[in-house]
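A.B. asks: The structure follows.
Only the coordinates and a few stated rules stand behind these numbers; no lab work does. It should be emphasised that the depicted structure is a prediction, and the values quoted were computed from it without experimental measurement. In this analysis, Cβ positions are derived from the backbone assuming ideal geometry, glycine residues included, and neighbour counts consider all displayed protein chains.
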Amino acid sequence: MKNLKSVMLSFWLFFLLGCGHLEKRIGIHLSVQKYTQENFKDYIEIYNIISNLVDNGVNLNINSYRAQLFHEYQVDSLFILNENKTKFYTTLNTNFKEYGGSNDYIQSLYGVKIDGKWLLFLGANLIALRESYKYNKYEPFSWDEISYVAHEQMFGRFLSIDSDNNLSINSHLVETEINPWYLAGAHISDEGTDDERFIRLWNYENSQTLDSLEIAQIKQDITEKKVKLYEPVKRLTWWDKLWGAQDPIFETDEWKEYIKSKSSKK
């Protein structure tokens, strides 16, 4: 009997710690959403310009945007800007529902404003696996969900959260990290000013376009993956939960309540 009590006590401690972890994750997301809502109006003009530039890159079949061809995508609403709003970091979130696979796609998106013109650079990418966030890995992330994943996995170094979920934006990192060396490494020479190197890199990347055969191959790959057979969706059993396993975050009541409250405000 004593051993049973010890096991049950351990279980409840594990359960309570898990609940606290979930609350912290949701709390951080709410802090980010609050920041975005309060500050989006200050950079909405930049956001619209950047969204149009991304559309233009996709329409011109620039190689950097190959992942967006035949897919839906959005520039994330969270922008980390430097003090004079000449550099930013955000992500380009892409929904891979046309693939019929088990992931969506997130890319770092950097912007530099030179002589009144925004130059865009795509950086590190994330194969955003769904199975650790929801039961059905074949169900694409919603835009709220993929944005959450981006904030959790891609924005980390630009965001600081204290124990009360108060958010601080590390905008100084945008100024220091967005430089030609960080974006290009040895792919461009050291000659000239930073602005000149940014322009050379931008000109080079925008000159790399997909030809018709590559575009046709991308479309064929999507079509072929649509018809694949899916594995059955596995959910946690009551026994799994008894031993501390927790529902994926997008299956929790807390997340569903957040989405419900957000929808009711629109």
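A.B. asks: Just need the relative contact order of the chain here, percent rounded to a whole number, with Cα pairs under 8 Å and 6+ apart.
C.D. replies: The normalised contact order for the chain reaches 21 percent.
A.B. asks: With the cut-off at 1.5 for a/c, could you classify the range 78-185 from its C-alpha gyration tensor as rounded, prolate or oblate?
C.D. replies: It comes out oblate by the Cα gyration axes.
A.B. asks: Which order do the peptides 33-43, 150-160 take when ranked by the mean count of other beta-carbon atoms within 10 Å per residue, highest first?
C.D. replies: Per-residue Cβ counts within 10 Å, averaged per peptide and sorted highest first, yield 150-160, 33-43.
A.B. asks: Right, next: Can you tell me the length gained on complete extension of the stretch N84 to D164, counting 0.36 nm per residue apart and subtracting the Cα distance?
C.D. replies: 25.9 nm
A.B. asks: Assigning unit charges at the beta carbon (Lys, Arg +1; Asp, Glu -1) and nothing else, what dipole magnitude in debye, to the nearest 20, does the range 20-264 show about its Cα centre?
C.D. replies: For the range 20-264, the charge dipole is close to 620 debye.
A.B. asks: For Y73, which sequence-distant residues (separation of 5 or more, or a different chain) have an amide H within less than 5 Å of its own amide H, given hydrogens modelled in the peptide plane?
C.D. replies: N95
A.B. asks: Can you compute the FRET efficiency between N206 and T176 using 1/(1 + (r/R0)^6), with r the Cβ-Cβ distance and R0 = 25 Å? Round to the nearest 0.05.
C.D. replies: Once rounded, the FRET efficiency stands at 0.50.
A.B. asks: Taking amide H positions as placed 1.01 Å from N in the peptide plane, with prolines and chain starts having none, which residues 5 or more places from Y105, or on another chain, fall under 5 Å of its amide H?
C.D. replies: For Y105, the qualifying residues are T94, F96, A128.
A.B. asks: How much length, in nm to one decimal, is gained on full extension between E72 and T223, taken as 0.36 nm per residue of separation minus their Cα-Cα distance?
C.D. replies: Answer, rounded to one decimal: 52.8 nm.
A.B. asks: Of K85/K262; K41/K260; K97/K137; K234/K256, which ones are farther than 18 Å apart at the Cα?
C.D. replies: K85/K262; K41/K260; K234/K256
A.B. asks: Still on this structure: Within the chain, which whole H helices from DSSP have a Cα span along their axis of at least 18 Å and a mean Kyte-Doolittle hydropathy of -1.0 or more, if any?
C.D. replies: 2-59, 212-226
A.B. asks: The range 79-139 to the range 149-212: how many Å between their Cα centroids?
C.D. replies: Centre-to-centre (Cα) distance: 12 Å.
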